[in-house]
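S.K.: Once you've had a glance at the structure underneath, I'll fire off some questions.
The values are calculated or read from the model by the stated rules, or taken from the named source; none is laboratory data. What you see is a predicted model, and the numbers here were worked out from it, not measured in a lab. Note that we place each Cβ from the backbone using ideal geometry, even for glycine, and neighbour counts take in every protein chain shown. The protein model used for the area step is the full one, side chains on, heavy atoms only, and it has no ligands, DNA or RNA in it. Shrake-Rupley method; radii C 1.70, N 1.55, O 1.52, S 1.80 Å.
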Amino acid sequence: MKIKAALSIGAEAPFEIAEVELDEPRADEVLVKLSAVGVCHTDLTMKAAWPEAMSPIVLGHEGAGVVEAVGQDVTGVGPGDHVLLSYRSCGSCPQCAASHATYCHNFRGLNASGSRPDGSTTMRRNGAQVYGSFFGQSSFASHALAYASNIVVIADDVDLSVAAPLGCGVQTGAGAVLNVLRPAGASSLVVFGAGGVGLSAIMIAHATGVDTIIAVDPVPTRRRLAAELGATATIDPAADDVADAVRQLTGAGATHALDTTAIGAVINQAIDALAPLGTLALVGVGAPEVTINVQHVIGGGKSLRGVIEGDAVPQEFLPRLLEMHAQGRLPLEKLVRTYDFNDIDAAVADAASGSTVKPVLVL
């Protein structure tokens, strides 16, 4: 079938809106007509790093829409279902069997290879292959092929433009707090980076009663939004010694910290800001190598924990977040700014500049 897609043809090139041919769903695939898709930092990172030899590619991995058709082997989802799309997992490796699907042994092949596991691509343009299958969806498009493992069926009355970011960004920040750090009420949490992921963490920490929640971000508007969403204090890293400021607010330092920036200097600030035996969760995607002060880790008995997708199983976790949103405890709409799908370059530019917290493309 012919669909509209936003093609990434190179790191510096703008997206190209084009007509491509999408396969009919195979036996294990689900055809989703997209209504909205979030723009995530991971999309920007992959656009910058994706090899030109494997271009063009359709990115996008926070899709939301309505199922149009399913393959003969698909169960649990059917035409007409309203769905959110998230990451894909194999369901059969030891990590998946232990409910740690974010660490699936086949995660890279299923989510970031540009093709199906058998090497075939789902799309073509003028007879030439178009890479996709990004997070098992490639949702910068009018339609996507997804799978039962990365689909969450939701109620028909959910606003898809608000819910779309749950599939990655919100899930990552909220899950890092609820599933990994698990701060108790008397704990203190410092969040480095008040973007979509960091603000999701702040909202969840506030909703679950964490006493001290500190947001660190150089952008004044984001610090103000963090305070509105539940941060008890904010720090401008350009004006303050962050670790000293955190200790002034907490005494011995924060019991928990979350880094969303993937910047080495910031990660070291986070380590220094931790109290003895504190834990830092790392969720940012950036340079593959950074230098850390190991003595600050060892000397304080501190822990570093890598986190993918909030250690969450989407089919269990996203309905929980939607319920909290319905209760008014997770005001996602305060993060979202919508853009017409054709304005994807403006949305990406605003995400990169920080002027928009969470751009969502609507179709």
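S.K.: Can you say whether Val216 is among the aliphatic types (A, V, I, L, M) and in contact with a Phe, Trp or Tyr (Cβ under 8 Å, 6 or more places away or on another chain), as far as the supplied structure shows?
M.R.: yes
S.K.: Further question: Could you go through the stretch 291-309 and let me know if any residue there is touching a Cys at 6+ places or on another chain (Cβ under 9 Å), of a type outside the set (Lys, Arg) and either surrounded by fewer than 13 Cβ atoms within 10 Å (Cβ to Cβ) or in a helix (DSSP H, G or I) (or both).
M.R.: Yes, there is a match, as at least one residue in the stretch 291-309 is touching a Cys at 6+ places or on another chain (Cβ under 9 Å), of a type outside the set (Lys, Arg) and either surrounded by fewer than 13 Cβ atoms within 10 Å (Cβ to Cβ) or in a helix (DSSP H, G or I) (or both).
S.K.: Collect the residues in the stretch 318-331 that are touching a residue at least 40 places away in the same chain (Cβ under 8 Å) and open to solvent by 10 Å² or more (accessible area, probe 1.4 Å), keeping them in residue-number order.
M.R.: Once the filter is applied, which keeps residues that are touching a residue at least 40 places away in the same chain (Cβ under 8 Å) and open to solvent by 10 Å² or more (accessible area, probe 1.4 Å), the stretch 318-331 yields Pro319, Leu322, Met324, His325, Arg329, Pro331.
S.K.: Residue by residue through the stretch 255-279, note down the ones that are surrounded by 22 or more Cβ atoms within 10 Å (Cβ to Cβ), among the small types (Gly, Ala, Ser) and farther than 29 Å from Ala351 by Cα.
M.R.: Answer for the stretch 255-279, where residues must be surrounded by 22 or more Cβ atoms within 10 Å (Cβ to Cβ), among the small types (Gly, Ala, Ser) and farther than 29 Å from Ala351 by Cα: just Gly278.
S.K.: For the stretch 160-232, please list each of the helices (runs of 4 or more DSSP H) lying entirely inside it that holds at least 2 residues being over 19 Å from the mean Cα position of the chain (by Cα) and either among the basic types (Lys, Arg) or surrounded by fewer than 24 Cβ atoms within 10 Å (Cβ to Cβ) (or both).
M.R.: 196-207, 220-228
S.K.: Might you check whether a residue that is in contact with a His (Cβ under 9 Å, 6 or more places away or on another chain), surrounded by fewer than 15 Cβ atoms within 10 Å (Cβ to Cβ) and in contact (Cβ under 8 Å) with a residue 24 or more places away in the chain occurs anywhere in the stretch 332-341?
M.R.: yes
S.K.: Tell me, please, whether a residue that is open to solvent by 60 Å² or more (accessible area, probe 1.4 Å) and either at pLDDT 95 or above or assigned to a strand (DSSP E or B) (or both) can be found in the stretch 280-290.
M.R.: The answer is no, given that none of the residues of the stretch 280-290 is open to solvent by 60 Å² or more (accessible area, probe 1.4 Å) and either at pLDDT 95 or above or assigned to a strand (DSSP E or B) (or both).
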